[in-house]
Structure formats: structure tokens, C-alpha cells
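Have a look at the structure below, then the notes.
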Amino acid sequence: MLSPRVWSSVRPRLSRGLARNVGSWALGEGRKVDISGIYPPVTTPFTATAEVDYGKLEENLHKLGTFPFKGAVGGVCALANVLGAQVCQLERLCLTGQWEDAQKLQHRLIEPNTAVTRRFGIPGLKKTMDWFGYYGGPCRAPLLELSPSDEAALRLDFTSNGWLSE
């Protein structure tokens, strides 16, 4: 483990190196594989107010059309770590054609899902897991714990959609 003094001098260089190598995985000395662009991110085509962003929808359909040819058979749903039953319920509602109920549930899941993925990432997911009685644990370097204001904003994303009490 690095001392705080040593870590403070190493961290900026490490962060710059990580930023330059986004999407690259080290395979050993001098060997890397670039995974950026293999599976482009797909964002929800719905806003929190239930409006459809048709531009995002069209973009997603184009991206999704290429996934099976690249080996994709599912998705990564970070939200399922804390709201697993609800994510499975959304799938069941879609499979049984209960579209109105699925849409209502989807709209309640949008903000929390965005919070534990794009907005607050792994630190947000870990904090949320702790709130729901799971072990999220502390963040490991180079990730930092959420600030008090970020934690309050994260909690609001879950309370405003009825998943946590205030």
C-alpha cells in the first residue's frame, strides 16, 4: 500500500495514463487490445418525464442492430445489483406484453440506473449497495468515495422514484 504522500505524487500521472488508454486492456508487456467501439454505449431513449427522444431511439436501434453480429446476447445492468427483482419484473412485463406497466416501471428505473452507471459510476453503485443492505465496500484506488453532495444527489435519485425512503 502506498503512503498518502507517495500516492499524491503518483495519482496524477496514473490518471493521465488511464485517460489515454480508455478502452485498452493490457495483455502483458507491450501488448494491448483496444476494446473501444466493439460495443458502443446505448442510452435510454426516454426522458425522466416519459418523453421519447426519437434521435436517441434511432441511434440505439442502429447500434443494437449490430450487436448480435459481434456476439452480444444480453446487457450489463448495474442497477440489478440493488434492484434485481424490479429489473427482472421489467423483463417479465415486456415478455408478457404488459407495455403500460413496463413503461411505468421503466420510467421509475431511469434515474437510478443513470445514477449508478453514467453519473456516479462504481462509487455510486457501491454506496447504493450499502443502503440496500448489501456489501458495496470501500472504493479502491484510483476511485474515490462520493462527496457528501454527490451522495445526497444519488440518494435523491432513489428516493424520488420510490426505491428508498428519505
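The values are calculated or read from the model by the stated rules, or taken from the named source; none is laboratory data. Note that the structure is a prediction, hence the values are computed from the model and not measured. Cβ placement follows ideal geometry from the backbone for every residue including glycine, while neighbour counts extend to all protein chains displayed. These accessible areas exclude ligands, DNA and RNA; they are computed on the full protein's heavy atoms, side chains included. Shrake-Rupley method; radii C 1.70, N 1.55, O 1.52, S 1.80 Å.
Computed values, structure above
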read-out	value
Using a Förster distance of 25 Å, the FRET efficiency for residue 94-residue 156 (Cβ separation, nearest 0.05)	0.35
Sequence ranges 124-130, 148-154, ranked by mean other-Cβ count within 10 angstrom, highest first	124-130, 148-154
Potential lengthening between residue 144 and residue 165 on full extension [0.36 nm per residue; Cα-Cα distance subtracted]	5.0 nm
Accessible carbon and sulfur surface of segment 96-166 relative to its total accessible area, %, 1.4 Å	54 percent
Table column - 3J(HN,Hα) (Hz), segment 130-138, Karplus curve with 6.51, -1.76, 1.60, x for Gly and Pro	4, 4, 8, x, 9, 9, x, x, x
Ratio of the Cα radius of gyration of segment 84-130 to 2.2 N^0.38 Å, where N counts its residues	1.29
Mean Cβ count within 10 Å, highest first, over the residues of peptides 107-116, 90-99	107-116, 90-99
